[in-house]
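**Q** First the structure, then my questions, so here it is.
The values are calculated or read from the model by the stated rules, or taken from the named source; none is laboratory data. Keep in mind that this is a model prediction, so the values were computed, not measured. No Cβ is skipped: glycine too gets one built from the backbone with ideal geometry, and neighbour counts run over all protein chains shown.
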Amino acid sequence: MKADVTIFEMGPRDGLQNESKFINTFDKIKLVNLLSKSGLSKIETASFVSSRWVPQMADGEQVMDGIQREQGVSYTALTPNKKGLDRAIQANADEIAIFGSASEGFSKANINKSIKESLQLFRPIVDAAPMPVRGYVSCVTDCPYDGPTNPDKVIKVAEELLAMGCYEISLGDTLGSANPDSTKKLLSELLSVFQTEELAVHFHDTQGKAIENITIALEFGITTFDSSIAGLGGCPYAPGAKGNVSTEAVVDFLESKGFRTGIEREDLKIAAQFARSLSQ
């Protein structure tokens, strides 16, 4: 199915990493396989971070090795450092992501480095990566530690990530506090600097505003949306930020507006039912 918009599925990584009980490897593989059959073209499958910090993601290699890869689907991985990149290469990740922050407080809480230090860490990863690299910028409207985020700070980090070779920047509403006004302000300023195809949005639905924010993003011409099956996940370093916007809700909304997602909703529903069973 031809698609007008891209849904970047975060469930197997961003969704599951926040679960308190360990999800067994077989179930993680099954979830990815179910998602693959739905027509999703991008699935963040693993995170090659230290198992000491995110024990839920310790079996990334086994998950990547065990999935049934579908043609036309990119299986991606989060890589915080050169060791993570090496693991991603060994696991045959189709794409990797690096994660920065627009706020100093969150950067230090999340990776124990300043924004400047994090960017210095990312550059050799992008240089050495044999696959496409996506950049995340967290706390694009608000930070749990520093308060409201000035769009200028988002622009500076995004400029650095694009300059070093990231093909796309995902703008993260990490705290789930973005609203249509703050989203409109952010995108109006960013799109005076960047092209729409360089940006994606990643909204949490903590306050029930995600679909409204996606509506604003569509008005600005954004066509790539991060979401998580069954609304799984949040962020362990952003208190109260539970609840990524659910993939099902995003697909239903976009399809209702006449956009083609390329996703079979019945297959997605099966994946969502299974995802919910993992978080109970």
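**Q** Please state which one of Ala158, Ala163 is assigned to a helix (DSSP H, G or I), free of Cβ contacts under 8 Å to residues at least 24 places away in the same chain and under 21 Å from Gln195 (Cβ atoms).
**A** Checking each option against the conditions leaves just Ala163.
**Q** Before we move on, is Asn150 surrounded by fewer than 22 Cβ atoms within 10 Å (Cβ to Cβ) and either over 28 Å from Leu191 (Cα atoms) or in contact with a His (Cβ under 7 Å, 6 or more places away or on another chain) (or both)?
**A** Against the criterion (surrounded by fewer than 22 Cβ atoms within 10 Å (Cβ to Cβ) and either over 28 Å from Leu191 (Cα atoms) or in contact with a His (Cβ under 7 Å, 6 or more places away or on another chain) (or both)), Asn150 does not qualify.
**Q** If you scan the stretch 106-123, which residues turn out to be in contact (Cβ under 8 Å) with a residue 60 or more places away in the chain and either part of a strand (DSSP E or B) or among the polar types (S, T, N, Q) (or both)?
**A** Answer for the stretch 106-123, where residues must be in contact (Cβ under 8 Å) with a residue 60 or more places away in the chain and either part of a strand (DSSP E or B) or among the polar types (S, T, N, Q) (or both): just Asn110.
**Q** Please verify whether the stretch 94-105 includes one or more residues that are part of a helix (DSSP H, G or I) and within 30 Å of Pro148 (Cβ to Cβ). Lay out the reasoning, then the answer.
**A** In the first step, residues of the stretch 94-105 are kept if they are part of a helix (DSSP H, G or I); the result is 104-105.
So of that shortlist, the ones also within 30 Å of Pro148 (Cβ to Cβ) come out as 104-105.
Yes: the stretch 94-105 contains one or more residues that are part of a helix (DSSP H, G or I) and within 30 Å of Pro148 (Cβ to Cβ).
**Q** Of the conditions (1) among the acidic types (Asp, Glu); (2) modelled with pLDDT of 95 or more; (3) within 18 Å of the chain's Cα centre (by Cα), Glu212 satisfies every one except a single condition; which number is it?
**A** Of everything listed in (1) among the acidic types (Asp, Glu); (2) modelled with pLDDT of 95 or more; (3) within 18 Å of the chain's Cα centre (by Cα), Glu212 misses just condition (3).
**Q** I would also like to ask the following. Among the residues of the stretch 37-52, write down those that are within 17 Å of Asn18 (Cα to Cα) and either of a type in the set (Ser, Thr, Tyr) or modelled with pLDDT under 95 (or both).
**A** Result: Thr45, Ser47, Val49, Ser50, Ser51, Arg52.
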